[in-house]
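*Asks:* Provided herewith is a single structure, encoded as C-alpha cells, for subsequent inquiry.
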Amino acid sequence: MSVLIIEDNVSLATLISMYLSGEGIENEVVHNGFEGMARLNEREYDVLLTDIRLPKISGTEIFEKAKTLYPDMPVIIMTAFGNIPDAVKAMRDGAYDYITKPFENDDLLKTIKKAIEVSSIRKENSRLKQYMKDVNTPRMAGHSPAYLAMIKLADTVAPTDAPVLITGESGTGKELTARYIHGKSRRADKQFIAVNCAAIPEQLFESELFGHKKGAFTGADRDFKGRIAEAEGGTLFLDEIGEMPITVQVKLLRFLQESEIQPVGAGLPVKVNTRVIAATNKDLKSMSEKGTFREDLYYRLNVFPVEVPQLSRRREDIAELVELFSKKYGSKVTFSAEALSKLENAQWKGNIRELENTVYRICILKGQGVVAGEDVPTEASGDFAYSMNMVLPEDGLDLEEMEKTIIARALIKFGGNKSRTAKYLNIPRHVLLYRLEKYDME
Ligand SMILES: Nc1ncnc2c1ncn2[C@@H]1O[C@H](COP(=O)(O)OP(=O)(O)OP(=O)(O)O)[C@@H](O)[C@H]1O
Ligand SMILES: [Mg+2]
C-alpha cells in the first residue's frame, strides 16, 4: 500500500508525508511535476495525491498521464480555495476526489483511506475481469499461415463493436472463432449467447430474438426479454444465419442499424447494446442474389468477413490438433509417424470436428501404446496421389520417386491401360512410355 504525493510546497508536503507515515500509510514525496511523471512511469501507486497548480508540468497533465497509465488508480486533487473550478473539471474527467487547502488532517486521512479501499476494489475487479476473459477465451490450436492469418484478423476485429460474419465449411471451428472474438473483446466479462437459427420454428423466431410482452400472442403467459436483450453488453452469436426467415432478417437489420429492439406486443422500442457475430457455411452472397437472403443485411454483416480455412488447407496444423485432442481425452496413446502422416493426408471433408472424432475413436480403440498406420481408419486417409493438398515433409522429398509412385498408381487405377493413364496424367502417350522406360517400370 503506497501513496505518491506531488506537492511543490515543501513544508506542506513534508507535513502530509509525516502524518500519513504516522498513520501507517507508506508514501513517497516529490516536489514537482517532472519527478512526479518519472515516478509514475516507474510504477503504479495505490493512490495519487497531487497538487493541481505545479510549476512546469501541471497537476492536470499529471492526472491525464496517470489516467492512461493506470486507469484503476484513484487520483485525489489538492487545490487552493480559489481553484475549485480546476478540481471540478478534474472530477468530471474521472479524478476520484479533491480536497481544498488548507485541510484538516482528519479529512485528508479519511479521503485517502477511502481511496485506498476503492483502489483495492478496482484492482480486484480488474483481476476478475481478466480471469473471466481468460476462461472465456478458447485456445485456438494451429500455427499454419492460413490459420494464423485468420486469427490475426479475428484479433483485429475483436475490440471493435462491429458485426462479424464468420464463414467456413462445416466443422472448421466457426463457433470456436466466435467465442474467441468475444473473449478478446471488451465484452469478455459479459454474456456470450449462442442461437442456432436452424433450430427455431419460424413463428417463434421474432419473439426468441426480440422478446415479447405477456399476452402478445397465445402462449405468451409472461414477459420474455429475448436473446438480444439477454446478451446486453455482451455478444449474440447467430449460428447458421442463412436459415433466418426473411421477415426476421428485416428486423435484425433494423437492430444492427439503430441498436434498438421492439419486443412483440411492446409499444416502445428499447435500446440494447449487444454485438452480433453471425456464422454460416452457406454462400450468403449468392443467396442474396437469388433473393433468399436480404442483400442489405448481407452487406451489413459482411463488414468484417472472417473465413475459417478448411482443414485440408492447413494440414500443418493436424499434428498439433491430434496431440491436443488425444490429451483432451486423457488418452495414453502416442501416434507413430506413419499414423500421423496418414492423418495429415486424409481428406477431412468434416474438418476439425471429423478429425476430433477420429482421434477420439482411435484413442478408445487403442487404449494405450503406439498408434500404427493401420490403426488409422482408411476412410480417414485419402490417397496422397489424389490429394493435391498433401503436406510437404520437413526434410525434403524425391520428386522422381513421387513421379514414379503417381505413375504406378495411375497405371493400377486404369488396369495397365497406357492411353487412359496418359490422358489421366495429362501427358502425351509417348511421354508416358518414355518415363516408363526411364524409370524401368515395365
Ligand atoms: N483451432 C482449434 N483448436 C482446437 N479445437 C478446435 C479448433 N477449431 C475447432 N475446434 C474444435 O472443433 C470442433 C468443431 O468446431 P465448431 O463447432 O466451432 O465448428 P463449426 O464451424 O461451428 O461447425 P458447424 O458448421 O458444424 O457448426 C469443436 O469441438 C471445436 O472445439
Ligand atoms: Mg457451428
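To keep it simple, each residue is scored yes or no on (1) of a type in the set (D, E, K, R); (2) over 15 Å from CYS197 (Cα atoms); (3) out of contact with any His (no Cβ under 9 Å at 6 or more places or on another chain).
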{"site": "GLU243", "(1), (2), (3)": "yes, no, yes"}
{"site": "VAL264", "(1), (2), (3)": "no, yes, no"}
{"site": "LEU268", "(1), (2), (3)": "no, yes, yes"}
{"site": "ASN273", "(1), (2), (3)": "no, yes, yes"}
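*Asks:* Can you say whether SER120 is part of a helix (DSSP H, G or I), under 30 Å from GLU44 (Cβ atoms), in the same structural domain as GLU61 (by TED's automatic domain parsing) and modelled with pLDDT under 90, as far as the supplied structure shows?
*Replies:* no
*Asks:* Something else now. For the stretch 307-340, which positions are away from ligand 1 (no atom under 13 Å from the Cβ), in a helix (DSSP H, G or I) and either without any contact (Cβ under 8 Å) to a residue 24 or more places away in the chain or over 17 Å from LYS366 (Cβ atoms) (or both)?
*Replies:* Within the stretch 307-340, SER312, ARG313, ARG315, ALA337, LEU340 meet the criteria.
*Asks:* While we're looking at this one, here's another question. Against the definition (more than 30 Å from GLN310 (Cα to Cα), outside any helix (DSSP H, G or I), modelled with pLDDT under 95 and not assigned by TED's automatic domain parsing to the domain that holds ALA158), how does ALA87 come out, yes or no?
*Replies:* Spelling it out, it is not the case that ALA87 is more than 30 Å from GLN310 (Cα to Cα), outside any helix (DSSP H, G or I), modelled with pLDDT under 95 and not assigned by TED's automatic domain parsing to the domain that holds ALA158.
*Asks:* For ARG222, state whether it is of a type outside the set (S, T, N, Q), without any contact (Cβ under 8 Å) to a residue 12 or more places away in the chain and assigned to a loop (DSSP other than H, G, I, E, B).
*Replies:* yes
*Asks:* Which of the residues belonging to the stretch 101-115 are under 46 Å from the mean Cα position of the chain (by Cα) and either hydroxyl-bearing (Ser, Thr, Tyr) or not in a helix (DSSP H, G or I) (or both)?
*Replies:* Result: THR111, single match.
*Asks:* Residue under question is LYS290, and the condition is that it be over 23 Å from GLU344 (Cα atoms), surrounded by fewer than 18 Cβ atoms within 10 Å (Cβ to Cβ), within 16 Å of ligand 2 (Cβ to nearest atom) and not hydrophobic (A, V, I, L, M, F, W, C); does it hold? Let's see the steps before the verdict.
*Replies:* Numbers: over 23 Å from GLU344 (Cα atoms): yes; surrounded by fewer than 18 Cβ atoms within 10 Å (Cβ to Cβ): yes; within 16 Å of ligand 2 (Cβ to nearest atom): no; not hydrophobic (A, V, I, L, M, F, W, C): yes.
So LYS290 does not fit the description; no.
*Asks:* Take LEU209 and decide whether it is within 26 Å of LEU268 (Cα to Cα), at pLDDT 95 or above and either away from ligand 2 (no atom under 16 Å from the Cβ) or among the acidic types (Asp, Glu) (or both).
*Replies:* yes
*Asks:* Please pick out the residue among LEU40, LEU54, LEU49, LEU69 that is touching a Phe, Trp or Tyr at 6+ places or on another chain (Cβ under 9 Å) and either of a type outside the set (Phe, Trp, Tyr) or within 27 Å of ILE121 (Cβ to Cβ) (or both).
*Replies:* So the residue among LEU40, LEU54, LEU49, LEU69 that is touching a Phe, Trp or Tyr at 6+ places or on another chain (Cβ under 9 Å) and either of a type outside the set (Phe, Trp, Tyr) or within 27 Å of ILE121 (Cβ to Cβ) (or both) is LEU40.
*Asks:* What pairs can you find where one residue is in the stretch 345-366 and within 13 Å of VAL322 (Cα to Cα), the other is among the polar types (S, T, N, Q) and within 16 Å of ligand 2 (Cβ to nearest atom), and their Cβ atoms are less than 7 Å apart, with a gap of 6+ or different chains?
*Replies:* ASN351/SER170; ASN351/THR172; ASN351/GLN310; ILE352/THR172
*Asks:* Which pairs have Cβ atoms under 9 Å, sit 6 or more apart or on different chains, and link a residue in the stretch 115-129 that is in contact (Cβ under 8 Å) with a residue 12 or more places away in the chain to one that is small (Gly, Ala, Ser)?
*Replies:* LYS129/ALA188
*Asks:* I need the full set of residues from the stretch 177-219 which are farther than 27 Å from ARG139 by Cα, assigned to a loop (DSSP other than H, G, I, E, B) and either of a type in the set (Ser, Thr, Tyr) or outside the structural domain of LYS282 (by TED's automatic domain parsing) (or both), in order please.
*Replies:* Residue satisfying the conditions is THR218 alone.
*Asks:* Could you list, in sequence order, all residues of the stretch 35-61 that are in a helix (DSSP H, G or I) and either surrounded by 14 or more Cβ atoms within 10 Å (Cβ to Cβ) or not assigned by TED's automatic domain parsing to the domain that holds MET91 (or both)?
*Replies:* GLU35, GLY36, MET37, ARG39, LEU40, GLY59, THR60, GLU61
The values are calculated or read from the model by the stated rules, or taken from the named source; none is laboratory data. Everything numeric in this text was worked out from a predicted model, so none of it was measured. Neighbour counts run over all protein chains shown; Cβ positions are idealised from the backbone, glycine included.
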